[in-house]
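See structure below.
The values are calculated or read from the model by the stated rules, or taken from the named source; none is laboratory data. The structure presented is a predicted model; accordingly, all values stated were derived computationally and were not measured. What goes into the accessible areas is simple: the full protein's heavy atoms, side chains included, and nothing from ligands, DNA or RNA. Shrake-Rupley method; radii C 1.70, N 1.55, O 1.52, S 1.80 Å.
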Amino acid sequence: MKLDKLPKFNLAQFPTPIHYLETLTKTCQGPSIYMKRDDLTSLGMGGNKTRKLEFLIGQALANGADTLVTAGGIQSNHCRLTAAAACKAGLACDLVLNGTEPEVPNGNLLLDMIFKARVHYCDRENRDVQLLQVADDLAARGKKPFVIPVGGSNAIGSVGYVNAMVELGEQLPSMDLKPDAIVFASSSGGTQAGLSLGARLIGFSGEILGISIDQTKTGEDSFLPVLEEIANETAQRIGIDMALTEADFSLNCDYLGAGYAQPGDLEFNAIKALAQNEGILLGPVYTARAMGGLLDLIQRNLFTKDQSVLFWHTGGTPELFAWADRF
Ligand SMILES: *Cc1c(COP(=O)(O)O)cnc(C)c1O
């Protein structure tokens, strides 16, 4: 296994803490609720992309790159953390963001500015083409761009979440904790692919339950083949003889609401519940939707009182400020 030998650039302090959410547990009268605090990764206001970026930037530096290029929505946490990581690694950063430039940048976009990223605005349907175009333009000017896919979800980045599962496996025994389920926000797939592969690797027997933010698992658009592909390419990259199939992924697609970055009552109620019970903040796009889903599953008695659930907080709190008018 090559997990410790892959190129890596340290961006934050690990392990992230695990907290027991005592008040929320009492309020819900369901399973014991714990939280893995990847919102507290110590770079640029934190979040799950930090773990992927450690391996992505390790590879970029090994390739001799001088500029990171990636894409996302205007309030992309991935883009904000790529910009922050580029600063720390001494690299330039170009971001392709779908949306129109607001008069006053807020939330993640404000942080992109502070981290001196060059922002290219485009339409959603042109985003993938624009990403490659920006990289081509940089190369034509003699730069060495390193393209990171949306969400950092490829075999390079996903290794970060295999590593995270190994980290969790080392933390749980000291807390005498065996979660029956790990619940988290799932979107571009790198987190879920890495966690599921990591669970297999360390022999974790609980459920790895992604709450889908914007993907479906039915019909032609099913996201399960993508999860399978990322996981298996990641296994190859690490050099472990393991193969996951579509059936190995639990993806709950019941909480898609009005669509991506369209938070509603589910999300705002979850934000208030966590803030007012625990003093912990969630982001409206990802973590509030996933927590809203978990609270609903608890209310529907999908977990018993003697079980424990670990919510893996993937960050996104800077999104809050872009929805200031909704509070
Ligand atoms: C990107 C992101 C996710 C989803 O992670 P994927 O690896 O893209 O599935 C979840 N939460 C937050 C806050 C994110 O920024």
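Points worth noting:
- Surface composition of the chain: carbon and sulfur make up 47 percent of the accessible area, probe 1.4 Å.
- Pairs of alpha carbons in the chain separated by more than 32 Å make up 24% of all such pairs.
- Where the Cα pairs of region 145-188 fall when distances are cut into 10 Å bins, in %: 21, 42, 25, 10, 1
- Mean projected area (nm²) of the alpha-carbon convex hull when region 105-242 is viewed from all directions: 11.6 nm²
- Between region 26-87 and region 124-143, the alpha-carbon center distance in angstrom: 22 Å
- Å² per residue, accessible surface of region 49-151 at 1.4 Å: 42 Å²
- Where N is the number of residues in region 49-151, Cα Rg divided by 2.2 N^0.38 Å: 0.98
- Accessible area per residue in Å² at 1.4 Å probe, computed on region 242-327: 45 Å²
- Cross-link pairs Lys2/Lys49; Lys49/Lys272; Lys144/Lys217 - those with Cα-Cα distance over 26 Å: Lys144/Lys217
- For region 1-103, the pair-distance distribution built from all alpha carbon pairs, in bins 10 Å wide starting at 0, is 14, 35, 27, 16, 7, 0 percent.
- Considering only the chain, percent of DSSP beta bridges that pair antiparallel, nearest 5: 10 percent
- Relative contact order (%) - criterion: Cα under 8 Å, at least six apart; region: the chain: 22 percent
- Mean residue ellipticity at 222 nm, helices only, the chain: -13000 deg cm²/dmol; runs of at least 4 DSSP H residues each add -39,500 (n - 2.57), and the sum is divided by the number of residues.
- Normalised contact order of region 49-151, rounded percent, pairs of Cα under 8 Å and 6 or more residues apart: 37 percent
- Helices that extend 15 Å or more along their long axis by alpha-carbon positions and average at least -1.0 on the Kyte-Doolittle scale are, among the DSSP H runs of the chain, 49-62, 77-89, 127-140, 155-175, 190-202, 224-238, 265-278, 287-299.
- Mean Cα-pair separation over length for region 237-315, i.e. relative contact order, pairs under 8 Å, 6 or more apart, %: 25 percent
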